[in-house]
């Protein structure tokens, strides 16, 4: 059976992180949403349905998979915002089935050949089109409806809320992990507080004075992680492969750091996709940060209003009442801050932007915008691409043509809004 991982219109509520990637590449816990599904269905072949402007990028990253093409037989369509980590849900599926999650459509199984003739298929309306296909199958072959129990990522703050428990789940679902023991560090001045355990899938470097506290949840350290002296990590926490935790860093529970990051200061309940630097002192909390971001020394964000009220957040063209008390910073890829930059509760910074200057930044900084705290200036696209290329080369990566075209598309879309 082929699994079709699809985006629906819910990607709009996951901005700015979803602007430069399909939703299945969002990190929650140790793994991305797609990596979780792949672990659940290790033998399955995957196809992908995404926004048109992202399709070339997905094809580049998944050359062995079909993208926005799905004329096959026996196809299991799964909403990519759902955390599919329980294969038992799909045991003994023999007929055409719709899946619902708390009453919301979450996918479906279509048995037999798929014929989209007569369906006005639009990739930004996948759920609606799947309903049409399934209803056609219902008339032809009968249709079953199944309620499933799973987590669904609807807003950026869900990534933060789920990450602590997902770290534990990802460890449970992973094979080949090695648990570190206090005896491994005898006489080295490294302290492991027992509890959920400290795990790795490779070789790590841990320096004297480090405290790894898993009393409230497990800690995962990817291959090549370097933890410098006197850092304290309080689980559940995940540190991705090749990342460095700086001297004296304080990393609190519910934090997931992706690969090749440099992290210092105080970080709590935060998800960083990867390849980003927050090396210096300053608080980052209840935040979600993309790739290739850099935080100047002393950058801070608030994550709680003084009146303890729910936080409203600008997600694309709409302002959403999160209903949450703790909301920090949401920052898109390739964005940066100057030294001592300060962000208010629920601030959103788009893709390829720069924030600097005294005082609080505006609570919404559009993509490709320079903000000095008072005025906006449109970033030059060529300069943005040049800087992005240099930043990526420092990590031995290259800005691909497909990635550049995604940034060009987003830049043009931003110009149309002005």
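The values are calculated or read from the model by the stated rules, or taken from the named source; none is laboratory data. If you're wondering where the values come from, they're calculated on a predicted model, not measured in any experiment. Ideal geometry is used to build each Cβ from the backbone, glycine not excepted, and the neighbour counts take in all protein chains shown.
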In region 25-34, which residues are outside any helix (DSSP H, G or I) and touching a residue at least 24 places away in the same chain (Cβ under 8 Å)? 26, 27, 28, 29, 30, 31
So which residues in region 98-112 are closer than 14 Å to residue 3 by Cβ and modelled with pLDDT of 80 or more? 99, 106, 107, 108, 109
Mind checking which pairs have a first residue in region 174-189 that is surrounded by 13 or more Cβ atoms within 10 Å (Cβ to Cβ) and a second that is part of a helix (DSSP H, G or I), Cβ under 7 Å, 6 or more apart or different chains? 177/171
How many residues are surrounded by fewer than 24 Cβ atoms within 10 Å (Cβ to Cβ) and either out of contact with any strand residue (DSSP E or B) (no Cβ under 8 Å at 6 or more places or on another chain) or closer than 19 Å to residue 168 by Cα (or both) if we restrict to region 252-266? 3
Only one of these conditions is not met by residue 311: (1) over 27 Å from residue 394 (Cα atoms); (2) surrounded by fewer than 21 Cβ atoms within 10 Å (Cβ to Cβ). Which number is it? (2)
Which residues, taken from region 35-81, are out of contact with any strand residue (DSSP E or B) (no Cβ under 8 Å at 6 or more places or on another chain), under 12 Å from residue 21 (Cβ atoms) and assigned to a loop (DSSP other than H, G, I, E, B)? 51
Among the listed residues 387, 369, identify the single one that is farther than 23 Å from residue 25 by Cβ, surrounded by 13 or more Cβ atoms within 10 Å (Cβ to Cβ) and modelled with pLDDT of 95 or more. 369
